[in-house]
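J.: Sharing a structure here in structure tokens format.
The values are calculated or read from the model by the stated rules, or taken from the named source; none is laboratory data. Keep in mind the model is a prediction, meaning the values are calculated, not measured. We place every Cβ from the backbone using ideal geometry, glycine too, and count neighbours over all the protein chains shown.
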Amino acid sequence: MTHLRIDYVELGSRNIGATTGFLSKAFGWTFADYGPEYQAFANAGIDGGVFASADDGLKPPLVILKTDDLAEAEKAVKLAGGVITQPPFSFPGGRRFHFREPGGNEMAVWSET
């Protein structure tokens with residue numbers, strides 16, 4: 001299995017237009033539109049995205065690791081004491097799962113299809 005590395009970060013927003021407008025104006029980030037609920041960002045030093053969230057208490061940013069073998073990564077997470085919070089699912093360009101590490105942080109692992 002390839003060493004997992006931080007590859008992507010997702011930020012929740014109650015107002016995607018306001019968030020992306022701010023990030024663009026303040027930091028010069030650019031965005032790719034994936035519909036009303038998701039905008040991917042570039043020129044930020046790491047790839048990531050902003051997703052729509054109606055949650056009043058937004059969660060911390062989601063750190064996403066990349067692997068060549070999703071099943072092996074899921075096994076390693078479980079063996080190390082992680083708890084799967086969202087089983088593997090498909091999305092445009094790949095598959096991923098979410099987990100909570102023993103200290104309470106939610107993270108995700110993805111692989112290309």
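J.: Restricting the search to segment 79-113, which residues are touching a Phe, Trp or Tyr at 6+ places or on another chain (Cβ under 9 Å) and of a type in the set (S, T, N, Q)?
T.: Within segment 79-113, THR85, GLN86 meet the criteria.
J.: Can you confirm whether ALA26 is modelled with pLDDT under 95 and outside any loop (DSSP other than H, G, I, E, B)?
T.: It is true that ALA26 is modelled with pLDDT under 95 and outside any loop (DSSP other than H, G, I, E, B).
J.: Limited to segment 29-44, what total is found for residues that are assigned to a loop (DSSP other than H, G, I, E, B) and within 15 Å of the chain's Cα centre (by Cα)?
T.: Pass one, segment 29-44, residues assigned to a loop (DSSP other than H, G, I, E, B): 29, 34-37, 43-44.
When the remaining residues are screened for being within 15 Å of the chain's Cα centre (by Cα), the result is 34, 37, 44.
Residues in segment 29-44 being assigned to a loop (DSSP other than H, G, I, E, B) and within 15 Å of the chain's Cα centre (by Cα): 3 in total.
J.: Among the candidates VAL77, VAL50, which residue alone is under 13 Å from LEU11 (Cα atoms) and crowded, with 16+ Cβ neighbours inside 10 Å?
T.: VAL50
J.: Oh, and also: Looking at this structure, is LYS59 under 14 Å from the mean Cα position of the chain (by Cα), surrounded by fewer than 16 Cβ atoms within 10 Å (Cβ to Cβ) and touching a residue at least 40 places away in the same chain (Cβ under 8 Å)?
T.: Numbers: under 14 Å from the mean Cα position of the chain (by Cα): yes; surrounded by fewer than 16 Cβ atoms within 10 Å (Cβ to Cβ): yes; touching a residue at least 40 places away in the same chain (Cβ under 8 Å): yes.
Taking the combined requirement at face value, the residue satisfies it.
J.: Pairs please, first residue from segment 25-48 and of a type in the set (S, T, N, Q), second anywhere and part of a helix (DSSP H, G or I) and surrounded by 14 or more Cβ atoms within 10 Å (Cβ to Cβ), Cβ atoms under 8 Å, 6+ apart in sequence or on different chains.
T.: THR30/SER24; GLN39/ILE16; GLN39/THR20
J.: If LEU11 satisfies every condition in (1) part of a helix (DSSP H, G or I); (2) crowded, with 17+ Cβ neighbours inside 10 Å but one, which is the exception?
T.: So the condition that LEU11 fails would be (1).
J.: Please indicate, with yes or no, whether at least one residue in segment 60-74 is over 20 Å from HIS3 (Cα atoms) and not small (Gly, Ala, Ser).
T.: Scanning segment 60-74, I find at least one residue that is over 20 Å from HIS3 (Cα atoms) and not small (Gly, Ala, Ser), so the answer is yes.
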